[in-house]
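The values are calculated or read from the model by the stated rules, or taken from the named source; none is laboratory data. Remember, it's a predicted structure, so these values are computed and weren't measured experimentally. Surface accessibility is based on the protein's heavy atoms, side chains included, excluding ligands, DNA and RNA. Shrake-Rupley method; radii C 1.70, N 1.55, O 1.52, S 1.80 Å.
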Amino acid sequence: MVTPPGLGTGPPGHRFLGSLSDYNADPLAFMTDVSRRYGDAVPLRLGPLHAVLLSDPSAIESVLVTQNRSFRKARGVRRLRTLLGNGIVISEGEPWLRQRRLMQPAFHRASVARYADTMVSRTTGALDRWRDGATVDIAVELRRLTLEIAVETLFGADVTKDEVRLVGDSLELAGAQLQTRVSSLLMFLPDWVPTPGNRRMNAAIARLDRLVYRIIEDRWRSLGDREDLLALLLAVADGDETGMSDRQLRDEVITLLVAGHETTALTLTWALYLLARHPAADATLEAELASVLDGRPPGLEDLPRLRFTEHVISETLRLYPAGYLTAREAIHDVDVNGYRIRKGNLVLMSQWARHRDPRVFEDPDAFRPERWTEGLEKQLPRGDYFPFGMGPRQCIGASFAMQESVLVLAAMHLRFRFELASNDEAVPIPQVALQPDRPILLRLAVRGERVSGQERTEHSVDD
Ligand code: HEM
């Protein structure tokens, strides 16, 4: 392969496939090894695709921020169009900018604050169902909880339990089929080809669409005085002379459901897993919660003082970033900080590899929430730690996700101790998001002091 100017040499790879099979065998290890061995801008060939793996933080910032107009989202993301339509994760150019501007105010920190009570009350509801001594598959529990929170913050409280289940089941089914397709040659098969998988996926999406369109239609009829996200979207759609069609509303609603719940559920799963393996950090968290909350459930006003809780989340997002890879495609030939990127080439920026760079983080594989205490995040170049991406396409839900993660973790940790039911190490696998390769089974033990204002109740052992 002829190396474009400014780029180092890359791994030799296979004559026809380049590094594709090495990448597919273990994408996380591949990205880390290649960046450490070959440097900050490494040319790669992945089957038919030419790519550059960027690890230079200022070049990453250039691609995502200052020179973002020279790039668009990569093919893999566009494949999700079947489910997400033209929602803001996928759209580009003017339509994206318009939607982003319309939706942005609903996600400012101050707007998101109004959802704190829903986040806590839904968590308390889940905790009330848990029993002392029981063992839970924590990823499953958290996925259910974050979906309930996402549905209620989007649609309000009047969606039934069955409808929440329908949303969860449909998203899971469609997600599984899309995942199979993104990671195999089926990627090139159109959605209408009636393979059994495509049929199941299309049926799941149709069920979901029926529900979402029905809710949108009901809500147009009585806009009322609501504070949920759909109300905000309808208000801007209503007031916007160019109009947001019901189809666009559907795409944004499903985009928010998809982007907004699994990522947070996985972050909380990894956080509880890490805490269960690190008793000292667990004890520090316990002490913070005891002193700040004094036995009552957390609320919005506690957030500024739940510093260590927040650092646990920041450190979890460093070690297990749900968004482990950000990819862009060059729209034209472009020079990025002296690295020449050709039109059509992919630029890969790996949160996984950047967050574990030993030049940036001391003892990078160690879980140390206290490393964030001295305002580390503000001192770091942005390309060294970017769990929510950066630039105009930065995660719109970052404040929502941080607020939810801190409140849910605090509420759970206050009520229960979590012990690993097995000592096996969970291995992260890069699917659409970074998930554990096995169920994380946690044994629950009610903490000695019960939440004040509630009666001390006996809990039965049910496993
Ligand atoms: C811990 C949880 C989360 C993580 C780690 C995460 C991560 C990310 C990342 C890395 C991106 C940028 C992708 C890129 O540049 O290609 C992104 C975009 C996005 N996220 Fe999140 N996210 C999380 C939670 C949420 C939540 C709660 C919501 C909504 C309520 C959300 C909605 C979105 C949307 C709509 C985009 C696309 C923004 C655009 O392109 O304009 N995310 N997220």
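Leaving out same-chain residues fewer than 8 places away, which aspartates and glutamates sit with a Cα under 12 Å from that of Lys73?
Leaving aside aspartates and glutamates fewer than 8 places away in the same chain, those within reach of Lys73 are Glu92, Glu329.
What whole-number volume per residue, in cubic angstrom, does the convex hull of the C-alpha atoms of the range 339-386 give?
Given the Cα convex hull of the range 339-386, per-residue volume reads 94 Å³.
Over all distinct alpha-carbon pairs, what is the Kirkwood Rh of the range 286-405 in angstrom?
Evaluated on the range 286-405, it is 16.5 Å.
How much accessible surface area, in Å² rounded to 10, belongs to the heavy atoms of Arg415 with a 1.4 Å probe?
10
With only alpha-carbon pairs counted, each pair once and no self-pairs, how large is the Kirkwood hydrodynamic radius of the chain in angstroms?
This gives a value of 23.5 Å.
What order do Lys343, Lys378 take when sorted by accessible area (1.4 Å probe), most exposed first? Please list the in-between numbers first.
Working: Lys343 140, Lys378 190 Å².
Result, largest first: Lys378, Lys343.
Order Asp225, Asp158 by their accessible area, 1.4 angstrom probe, all chains in place, largest first.
Sorted by accessible area, descending: Asp225, Asp158.
If I stretch the segment between Asp225 and Gln179 completely, what's the gain in nm (0.36 nm per residue apart, minus their alpha carbon distance), one decimal?
Stretched fully, the Asp225-Gln179 segment lengthens by 12.7 nm.
Skipping prolines and chain starts, which residues have an amide H placed within reach, meaning under 5 Å, of the one on Gln435, given they are 5 or more residues away or on another chain?
Ile429
According to the Cα gyration tensor, what semi-axes, each the square root of 5 times an eigenvalue, does the equivalent ellipsoid of the range 3-112 have, listed from largest to smallest in whole Å?
Taking √(5λ) for each Cα gyration eigenvalue gives 32, 17, 14 Å.
Using a probe radius of 1.4 Å on heavy atoms only, what accessible surface per residue do you get for the chain? Whole Å² is fine.
Result: 46 Å² per residue.
Largest first, how would Phe71, Phe16 line up by accessible area (1.4 Å probe)?
The most accessible residue leads, giving Phe16, Phe71.
Rounded to the nearest percent, how much of the accessible area of the chain (1.4 Å probe, protein heavy atoms only) is carbon and sulfur?
Details: 11100 of 21170 Å².
C and S fraction of accessible area: 52 percent.
For Ser21, tell me the accessible area in Å² from a 1.4 Å probe, rounded to the nearest 10.
Answer for Ser21: close to 60 Å² accessible.
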